[in-house]
Amino acid sequence: MAPKKTHEQFVSPYVPSTAKVSKEAMMKEIGIKDDMELYRDIPDDLIYKEDLDIPAPYVDEFSIQQHMTSILKKNANATDYAYFLGAGCARHHTPAVCDEMTGRGEFLTAYFGATTDDRGKWQAIWEYQAQMAELLDTDFCGFPQYDGPWSLSHAILIATRITGKRKVLVPASASPMNMKIVDNYTDGVTERQAELVEVAYDKKTGLLDLKDLEKKLDNKTAAVVIENPNFFGMIETQGEQIGKMAKKAGAEFIVYADPISLGVLEAPANYGANMAAGDLHSLGGHLAAGGHQAGFLGLPDDKKYLSQFKDLAVSIAPTIEDGEYSFVWYNFEEGSYGAREEANEFTGSACNLWAIHSAVYLTIMGPKGMEEVGNTIMARAQYAAAELAKLPGVKVPFAGPFFKEFVVDFTGTGKTVAEINRALVDKKIIGGLDLSCDFPELGQSALWCVTECNTQAEIDMLVAALEAVLA
Amino acid sequence: MYKIGLIINPVAGIGGRAGLKGSDGVEIQQKALAAGFKSLAPERVGLALEALSEFRDEIEIITFPSEMGEDVARAAGFKTTVLGSIQSGKTTAEDTIRAAQDMMDAGVDLIVFAGGDGTARNICTAVDDKVPTIGLPCGVKMHSSVYAITPRRAGEVIKAFCDKEEKLLVDGEVMDLDEEAYRNEDVKAKLYGYLKVPEAGALMQKRKTGSGYSQDNQLKLLGMMFVDRMEEDVLYIIGPGSSTSHVMKDLGLQNSLLGVDLVANKKLVANDVNEAQIWQTMQKYPKTEIIATVIGGQGHLFGRGNQQLSPRIIREVGKGGIHILASKQKLADLYPNPFLVDTGDPELDASLCGYIRVPQSRTQDITFKIDR
Amino acid sequence: MGMNSETKLRKFHAARWDEQLVFEQSVPGERGIMVPQPEADLASLPGQKAAGAMKRKKAPNLPEINQMKVNRHYMRLSQEASCAVDLTLNISEGTCTMKYSPKIQEHMATNPMINEVHPMQHPDTMQGILEIYHKAGECLKAISGLDYFSFQPGGGSQAIYTAGSIMRAYQRANGHPEKDEVITTSFSHPVDSATPSANGFKVITLMPDAEGYPDLAALKEAVSERTAGLFITNPEDTGLFNQRIKEYVKVIRDVGGLCFYDQANANGMLGITRAKEAGFDMCHFNLHKSFSAPHGSYGPASGAVGCKEFLKPFMPVPQVGFDGDKYTLDYDCPQSIGMVRSFLGNTAVVMKAYMWIMQLGPAGLKAAAIGAVLNNNYMESLLKKTKGISIKYGEDKRRLEQIRYSWDVLMEETGIGTDEVNYRVQDFGIPDYWTAHPPYLIPEPMTLEPADSYNKEDIDEYVAVLREAAREAYEEPELYKKQPPFNAVTHRPQWPMVEKEADNACTWRLYQKNMEKRMVKK
């Protein structure tokens, strides 16, 4: 049975060989009469004879546009709704110049290229690396990874290889989503590549319970991981102390940080972190339904770490012309005895477009912009937390400074977070993340997020709405 | 100013062109010359020097008279210093040896030679591994691993070698093939010695790819890995070759590059042993394994040239006890040729044929074909 | 007018701006953007002071640049980028399947109805996203013949990694922890050996047989009760379809292994042949290759991973479903491997792939596949006649999506090889082409892939450039001595790659530490 030939009448602006004249000329050059002869070396029992069971197409551009808008209309989005949901993807303002650059076809439709002829692109990536290093106050930053948790996973495995140990202490309060990713990444076949052990958090402050840390830290520990701010939004003020404890036990100290906080919060390297990981999304990324996630990893200028970094980085290097420089790839080999061959991680197309976006963001914000946005975020979040805490039955359980996010306990209201959020949607508000499944010990609690995009008026509107919902 | 030694074997490649295997033997040379065949060597050297012509001002060529290098060097416009003397038209292996020695004494940075395995052996006799060398292919027999891929590439390698502050050198195997036997289609490969050769492969192939592959690093790693995997009370026969030397280096033991060494419990049992010594020693251990590599450019694993690894030894060890240490580069260069075994025992050879796993790292193996 | 229509050679010249580094353009006090400030009522709140000892003591050393300059700076850098599909005949990046990314798709992705949606808002409030995911999944099911797809992986490599995690979980769940080995082939993509290794498997790579196909005899010797599965690309980078793929699958099946089909090279096969009929348990597609989403300078990408029904329980969460009434997100999957990437994956990329499929339909998708193979074979036919080029293996076979050519004849005859040609083509506006992964099995390689977007005239131009480069090698070698390119923004680094700690200039501070003093002034 011959395969169907329905494709022969199809004309597409994207597939120019559907123009008969061209197709015939090419077939003549190749020396075939029927286009299916191209597949003559595929065994007949592997040739699919039917038409694909997929929907009939919207062939004209207007119709596909209509089709898509009719589907996308069914999404609530931040132009119509007030968003108080973060958890790794918070709403921050995207500078127009950032969108301009990531929309440039030169960057958007390029792929890898070479270092010799693609200079502009590599300079942009270098400027990402360099500005991130300044933000992190560290020496080295390379290409981004798929997302924050992937960078964190990589940092954890680096720590296991450097120390030769497998036990890794992670906060019990850590982002459940991040930990799922880390858990799979550090698993193995005959044995796990890292054993993850949870360290409890203090019920009053939401911060790491140092007594529990002390108990669990030993000479078999490869690394101590904290998030700062942590998943509950709390600023881990004990950071320096935790770093000292880790160091004493011979463990690496890894901090998962929120980059938009680093204009006002100290860089992890300055309170003892060996490695800093996190997600670039908060540097002005659109919510993008989670499509703008990108991970970073900051490392010290020490071959111990650099020889373990799995991805590429761009370096300035001299050219054969005096005084001229260009950008080449950095691939640490010196004395590494094939450290990369030893390590079994992998590399692939990750998120360079978001590296370019982040470079533009950091340049356009500058040091003052980063400080001001951090300050605004903190002030607004403090305002929201204080106002919400005034509502009957509502508590903000953790005492201490926080950045951007904070836990709100609704248990005293008699309503579930699910019910409350459902009602808020009707009022065009997207409420905080429901924590009741992953953190049942917190009762009916939710993680609320307030950024520079939530005005005082919007927060007041939220409070009024909640008042009505809780009544 | 770089001092580059240049030695041309004037009769290299004659046999090949005339359809005769190799150019050794005055008889073969006379036959070919009589038939009007000329040597390829001068032309090939010319190509290599052309690739260096931009850097003429930085290079001084130290060479031997007339057809042994002077003519070609001057024709290419290089500053040329001529050492020694020859009988033009009647040059021999002794001239090559003398040339290499004189150049070493003159303090050259590198010796470039145009010739086949025979010439390589001569240079090896003269300088051993004391001076970096690189060969330009122009003979038929190139079983040794000391040659650049093409004369032009050789020029590039020479330039890159001179430029680099750190000279990356590797051991290039110089092969000793029984020419007579080879002409009768009977391949007997044997390792003659080593020359120090620039790590050309890495220089060329790292150019534009994101992944930096270093053969040297991989070999060090494999050495460490093989040592880690050594079991107690097992006798390890470490075969000849520079690849396997990384095992001995990692253990910090004396190594015989051309011979077979014995190791047990990570200590040296004996260096450079013969067949009888190996067999006797094996009786003292419950189990024996072999760590071997392929030699030369043709993939010889066990050849009749390895008299130490006799059929009875290999049979006792068993196919499962044979471990190959070879880099990704070596395997790629060898492909599509298989590993060759020629123990002298056809039944044993047949039993070894098939595929074998060659470790590339702790988590990666490549399977490679073994044939006879 | 413009390009010479007979020779098809352009007098191309790239932009060159000599643009300084962003740090070198900083002017104290300049602002790039103004940021919202706390309202008057909030003035009494501590703001950043609350951070106490954790407050940043020294401001980050970021440049201070006015907005116009920021815009101009990055805009100039974009002009010095050279391999965009929007601008060039990027037939050069063979194996990457460079296609036109329709602008209607790009514009739709910037629409707030997708761009301002949170991935964890209640499913009821994002039925549009879930509908796209579900429908795209249904399409890939039809295209592959498999039963369920996840779009969570953020790229092809991550999708293959996910398949490895699923293989690991499956064998473990079925009481086979001893299955710790997987098998792949040399011409499959490097990630087919790297990602199973990242999952903790030992990997056995089979060298090809003498014809350049995966060696079946080698496979039979390599399998054992320890074999967990097979990772194989088909067609491999040679462009040859492995005709014995079903036999391959059977060998693995017989030892209880799973078979994963790396379909990164699927572009020429959509609608023609499927993973299901070849017997595979899992497969993946690169949505930013075969399905037209752009490559973004190396991401964001998307790897859809598909499986047969019996493996669905192991797929990542949340799993998208449809209950007849609404689209759902299911987190309650006890056997799931968990997650490989944040949230739902690269949503916009999934949407673009969906739009592509929905504009082509069954006939169009097949026409596109055929178009890609037609283009490739047409190009091959022209290049076969080009002096200096040879094609290894499969003398009489039809290649599918791409071909790895060899300039070995050119090298042998002129001493000029693939690296030099690669510089020269840039003078005509052609991007640097892909050679191969080292170590090279094919000498002087050049891997090209026209895919379906370029037309016959584009291919003719590309071939004309290659022929000109070869002709110059034979007839005007002095040109190569002068070291092209002459009109492209190309800088020849002194070293191909930085490898030493002492040369590391990946950041501004490392540049100042290691490089600045060594930069000879112009």
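The values are calculated or read from the model by the stated rules, or taken from the named source; none is laboratory data. For clarity, every value in this text was computed on a predicted model and none was experimentally measured. Please note: Cβ atoms are built from the backbone with ideal geometry, for glycine as well, and neighbour counts cover all protein chains shown.
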**Study point:** Residue that is within 30 Å of C:Val498 (Cβ to Cβ), within 14 Å of another protein chain (Cβ to nearest Cβ) and acidic (Asp, Glu), where the choices are B:Asp216, B:Asp228
**Key:** B:Asp216
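Results for (1) in a strand (DSSP E or B); (2) without any contact (Cβ under 8 Å) to a residue 24 or more places away in the chain, shown as yes or no for each residue.
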| position | (1), (2) |
| --- | --- |
| A:Phe398 | no, no |
| A:Lys415 | no, no |
| A:Ala418 | no, yes |
| A:Asn421 | no, no |
| A:Ser436 | no, yes |
| A:Ala446 | yes, no |
| A:Glu452 | no, no |
| A:Val463 | no, no |
Practice item. Would you check if C:Val425 is among the aliphatic types (A, V, I, L, M), buried (at least 23 other Cβ atoms within 10 Å of the Cβ), within 14 Å of chain B (Cβ to nearest Cβ) and not in a loop (DSSP other than H, G, I, E, B)? Key: yes
Exercise for review: For C:Gly306, state whether it is more than 10 Å from chain A (Cβ to nearest Cβ) and under 23 Å from the mean Cα position of the chain (by Cα).
Suggested key: yes
Exercise for review: Mind counting the residues in segment C:485-516 that are closer than 18 Å to A:Glu321 by Cβ and either more than 7 Å from every other protein chain (Cβ to nearest Cβ) or charged (D, E, K, R) (or both)?
Suggested key: 6
Review point. Pick from segment B:63-79 the residues that are part of a helix (DSSP H, G or I) and of a type outside the set (A, V, I, L, M): which of them is surrounded by the fewest Cβ atoms within 10 Å (Cβ to Cβ)?
Key: B:Arg74
Check your understanding: What tally of residues in segment C:60-83 results from selecting those that are among the hydrophobic types (A, V, I, L, M, F, W, C), more than 7 Å from chain A (Cβ to nearest Cβ) and under 14 Å from A:Gln123 (Cα atoms)?
Key -> 1
Check your understanding: Among the listed residues C:Val182, C:Val203, which satisfies the condition of being in contact with a strand residue (DSSP E or B) (Cβ under 7 Å, 6 or more places away or on another chain), crowded, with 20+ Cβ neighbours inside 10 Å, in contact (Cβ under 8 Å) with a residue 40 or more places away in the chain and within 13 Å of chain A (Cβ to nearest Cβ)?
Key -> C:Val182
Point to revise | Residues satisfying the stated conditions in segment C:459-516, i.e. surrounded by 19 or more Cβ atoms within 10 Å (Cβ to Cβ), assigned to a helix (DSSP H, G or I) and among the polar types (S, T, N, Q) | key: C:Asn514
Check your understanding: What do you reckon, is A:Thr138 part of a loop (DSSP other than H, G, I, E, B), at the interface with another protein chain (Cβ under 7 Å from one of its Cβ atoms) and either polar (S, T, N, Q) or in contact (Cβ under 8 Å) with a residue 60 or more places away in the chain (or both)?
Key -> no
**Study point:** Residue ranges of helices (runs of 4 or more DSSP H) in segment A:29-123 with at least 1 members under 21 Å from the mean Cα position of the chain (by Cα), within 7 Å of chain C (Cβ to nearest Cβ) and crowded, with 24+ Cβ neighbours inside 10 Å
**Key:** A:96-102, A:105-108
Review point. Can you name the condition, by its number, that C:His134 falls short on among (1) in contact with a Gly (Cβ under 9 Å, 6 or more places away or on another chain); (2) over 17 Å from C:Leu287 (Cβ atoms); (3) more than 7 Å from chain A (Cβ to nearest Cβ); (4) not aromatic (Phe, Trp, Tyr)?
Key: (2)
Exercise for review: Give the number of residues within segment C:206-226 that are away from chain A (no Cβ under 14 Å), assigned to a loop (DSSP other than H, G, I, E, B) and farther than 25 Å from A:Arg192 by Cβ.
Suggested key: 5
Practice item. Those residues that are of a type in the set (Gly, Ala, Ser) and touching a helix residue (DSSP H, G or I) at 6+ places or on another chain (Cβ under 7 Å), I need them from segment A:385-431; list them, please. Key: A:Gly393, A:Ala423, A:Gly431
Exercise for review: Out of the residues in segment B:245-267 that are buried (at least 16 other Cβ atoms within 10 Å of the Cβ) and in a strand (DSSP E or B), state the one that is farthest from the chain's Cα centre (by Cα).
Suggested key: B:Ala264
Review point. Here are some residues: A:Pro171, A:Pro259, A:Pro229, A:Pro268. Which one is more than 14 Å from chain C (Cβ to nearest Cβ), touching a residue at least 12 places away in the same chain (Cβ under 8 Å) and surrounded by 20 or more Cβ atoms within 10 Å (Cβ to Cβ)?
Key: A:Pro171
**Study point:** Meets criteria (at the interface with chain C (Cβ under 8 Å from one of its Cβ atoms) and under 16 Å from C:Pro362 (Cβ atoms)) for A:Ser12
**Key:** yes
Check your understanding: Looking at segment C:118-131, which of its residues are within 10 Å of chain A (Cβ to nearest Cβ) and either in contact (Cβ under 8 Å) with a residue 60 or more places away in the chain or closer than 16 Å to C:Lys312 by Cα (or both)?
Key -> C:Pro119, C:Met120, C:Asp124, C:Gln127, C:Ile129, C:Leu130, C:Glu131
Exercise for review: Please tell me if C:Gln158 is farther than 24 Å from C:Glu247 by Cβ, touching a residue at least 60 places away in the same chain (Cβ under 8 Å), under 28 Å from the mean Cα position of the chain (by Cα) and assigned to a loop (DSSP other than H, G, I, E, B).
Suggested key: no
Practice item. Starting from residues that are acidic (Asp, Glu) and farther than 15 Å from A:Val225 by Cα, keep the ones in segment A:150-198 and report whichever is modelled with the lowest pLDDT. Key: A:Glu191
